[in-house]
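Down below is the structure, laid out as structure tokens.
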Amino acid sequence: MSSLALLAEIRQSSERLPYEVLKLAEPLLNNNQLTSSTEDAWLVYEQVFLAALDEGQIDLAKSLLHILRTRFPASQRVKRLYGLVNEAAGHPDESQNLYAEITSADPTNVLALKRVIALLKAQGKLALAANELVAYLDTHGNDFEAWLELSHLYLAHHMYRQAAFCLEEVILQQPANHYFHLCYAEINYSMGQWDIALKEYLRVVELSTDNVRGFYGIKVTADRIIEMLASGARAGKSRREPQALSGLENVPQVPVLEKLSLLATERLVAAYSANNAAAAPAKALEDWLKQ
Amino acid sequence: MSEYTLSSQAYAKAILHSAKYPWATVHGLFLGEKNGSKFRLTDAVPLAHSWTQLTPMFDVALQQVQQYAGSKNLVIAGYYVAYENPDTIQLSASGALFAKSILAINPEAAAFVVDAKRFKAREDGRPALVPFVYAGEQWKEQPKAFGDAKGQFVLENNQALTTARILVEERAEIGIFDFDDHLDDVSLDWLQNNLLNERIRTA
């Protein structure tokens with residue numbers, strides 16, 4: 001496959017592979033093979049520009065940007081790239097001004113709006129970034145990736161409940177994606193909401209095959225719930241005292257929990273042996289299951 | 001006062017883990033040999049590069065590492081973390097809690113924050129790790145660490161710094177796999193990373 005085709009594939013998959021992109025583009029740039037008659041020339045220039053920024057090659061990025069600006073002198077898209085190169089070169093105020101220019105000329109420019117938020121985040125102003133993101137989501141509530149980004153910001157501040165809310169929005173929009181149920185399960189586990197965590201981990205394995213993380217989750221959550229019910233019962237607490245058993249409002253009966261734990265164990269063992277598990281981790285699983 | 005000696009392998013693996021995911025917070029554990037109150041940190045076990053504030057898989061991994069360490073006559077000697085923001089060289093709230101959970105296993109365990117800027121600045125003679133020791137109900141930074149050949153925190157030898165640098169230059173981080181990776185592909189050996197260990201030995 002030609003370099004151009006490979007670069008196109010990488011653009012399609014939207015994977016971030018800066019090193020590979022630069023390696024592929026190097027001969028094209030050196031031999032002047034990207035002319036204005038090449039079909040994707042400008043997309044490639046933009047792609048290599050972004051890769052150069054990721055790899056810290058600011059000078060290369062600047063030279064590519066110059067080429068783009070010459071071809072598209074009035075472009076807002078190129079202007080945003082100037083914002084990016086300023087961010088990379090450590091001139092955030094310049095970037096801020098550029099993005100402000102873009103958004104005041106066009107308040108619906110989503111990429112520039114997001115850049116404003118990313119800039120705040122890069123400067124460590126997480127609370128401000130979150131505020132801007134919330135404002136953005138007011139208008140663009142169907143942008144599930146933005147909800148994910150917001151949950152990330154909340155988690156950085158250990159605001160689990162708020163992060164969980166964001167995941168709920170994501171799941172509403174992407175209910176069949178097990179990855180989001182997994183994240184939601186782990187947030188709930190982390191804040192002691194064991195009943196939801198268990199349900200969500202079960203959903204994860206329902207929506208995917210051989211999901212080792214899901215099985216581990218089911219096992220630790222089921223075992224934890226059993227343990228908490230037992231110690232709660234020992235302490236004489238009952239379901240009529242919600243705060244004593246918080247996070248345990250909607251759990252299955254103990255026999256069912258035990259069966260779930262057993263099933264998770266069996267599935268873990270099966271998944272490890274079916275998928276060529278490495279020796280040390282396989283032994284670690286064996287020992288862990290025995291404890 | 002406990003003393004900690006940091007080997008090439010332990011240091012290199014922590015640095016490589018953070019180099020593999022420069023956009024993310026990563027964390028892991030240091031394993032070491034214990035001799036009274038002296039710890040020789042011989043290895044690093046990388047744990048996660050996503051959702052590093054969340055607990056369930058950390059709990060599983062910690063239990064498995066504990067058993068693994070025991071089987072090799074090692075102890076969990078420390079917790080390391082590299083934050084996605086290179087300006088953050090203090091333990092976050094969750095970092096402090098994770099590090100504290102290790103104290104329950106080893107009351108003399110130390111915490112380390114990777115200082116990416118120091119690595120980039122090539123500050124001579126000192127590793128890009130800021131140690132924290134638990135005292136008086138909190139983690140206290142030890143800023144003068146690794147500066148004194150007889151101090152509480154020392155490098156096993158200066159080769160450790162050169163080794164780490166060589167490995168980062170050659171992008172050896174593509175060969176390190178953490179527990180997160182293992183959960184996606186159980187054929188990856190997150191506990192040992194043997195191939196990488198070989199590369200570290202010969203660097």
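The values are calculated or read from the model by the stated rules, or taken from the named source; none is laboratory data. The structure displayed is predicted, hence computed values, not measured ones. No Cβ is skipped: glycine too gets one built from the backbone with ideal geometry, and neighbour counts run over all protein chains shown. Just so you know, the surface numbers come from the protein's heavy atoms only, side chains and all, with ligands and any DNA or RNA stripped out. Shrake-Rupley method; radii C 1.70, N 1.55, O 1.52, S 1.80 Å.
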Problem - Cβ-Cβ under 8 Å pairs, at least 6 apart or on other chains, segment A:104-123 side closer than 14 Å to A:HIS91 by Cα, far side of a type in the set (A, V, I, L, M, F, W, C) and open to solvent by 50 Å² or more (accessible area, probe 1.4 Å) - result: A:VAL116/A:ALA100; A:LEU120/A:LEU128
Practice task
Please determine, by comparing only the residues of segment B:182-203 that are in contact (Cβ under 8 Å) with a residue 12 or more places away in the chain and in contact with a Phe, Trp or Tyr (Cβ under 8 Å, 6 or more places away or on another chain), which one is most open to solvent (accessible area, probe 1.4 Å).
Solution key: B:ASP189
Exercise for the section: List every residue pair whose Cβ atoms sit under 6 Å apart, with the two residues 6 or more apart in sequence or on different chains, where the first one lies in segment B:83-100 and is within 9 Å of chain A (Cβ to nearest Cβ) and under 18 Å from B:LEU47 (Cβ atoms) and the second, anywhere, is open to solvent by less than 40 Å² (accessible area, probe 1.4 Å) and among the small types (Gly, Ala, Ser). Expected result: B:GLU84/B:ALA24
Exercise for the section: Could you pull out the residue among A:ALA118, A:ALA100, A:ALA135, A:ALA112 that is assigned to a helix (DSSP H, G or I) and over 23 Å from A:LYS62 (Cα atoms)? Expected result: A:ALA135
Practice task
Kindly list, by first and then second residue, each pair from a residue in segment A:158-176 that is assigned to a helix (DSSP H, G or I) to a residue that is among the β-branched types (Val, Ile, Thr), limited to pairs with Cβ atoms under 7 Å and residues at least 6 apart or on different chains.
Solution key: A:TYR160/A:ILE187; A:ALA163/A:ILE187; A:ALA164/A:ILE187; A:LEU167/A:ILE187
Exercise for the section: Scan segment B:47-63 and give yes if some residue there is touching a residue at least 60 places away in the same chain (Cβ under 8 Å) and aromatic (Phe, Trp, Tyr), otherwise no. Expected result: no
Problem - Pick from segment B:145-185, criterion closer than 30 Å to A:ASN276 by Cβ, in a helix (DSSP H, G or I) and not hydrophobic (A, V, I, L, M, F, W, C), ranking: farthest from the other protein chains (Cβ to nearest Cβ) - result: B:GLY175
Handout entry: Hits in segment A:78-97 - residues which are free of Cβ contacts under 8 Å to residues at least 24 places away in the same chain and assigned to a helix (DSSP H, G or I)
Key = A:VAL78, A:LYS79, A:TYR82, A:ASN86, A:ASP93, A:GLU94, A:GLN96, A:ASN97
Completion exercise
In segment A:5-16, anything outside any helix (DSSP H, G or I) and either among the β-branched types (Val, Ile, Thr) or without any contact (Cβ under 8 Å) to a residue 24 or more places away in the chain (or both) is listed as A:SER14, A:GLU15
Handout entry: Only listed residue being under 21 Å from B:GLN67 (Cβ atoms) and either crowded, with 19+ Cβ neighbours inside 10 Å or away from chain B (no Cβ under 14 Å) (or both), chosen from A:GLU258, A:GLU266
Key = A:GLU266
Problem - Those residues of segment A:199-225 which are basic (Lys, Arg), within 12 Å of chain B (Cβ to nearest Cβ) and over 18 Å from A:TYR272 (Cβ atoms), in sequence order - result: A:ARG224
Handout entry: Lone unmet requirement of (1) free of Cβ contacts under 8 Å to residues at least 12 places away in the same chain; (2) at the interface with chain B (Cβ under 10 Å from one of its Cβ atoms); (3) of a type outside the set (S, T, N, Q) for A:GLU186
Key = (1)
Exercise for the section: Scan segment A:114-135 and give yes if some residue there is farther than 24 Å from B:SER50 by Cα, modelled with pLDDT under 95, among the polar types (S, T, N, Q) and open to solvent by 50 Å² or more (accessible area, probe 1.4 Å), otherwise no. Expected result: no
Completion exercise
Per the filter on segment A:2-41, residues under 25 Å from the mean Cα position of the chain (by Cα) and on the phi > 0 side of the Ramachandran plot are A:SER14
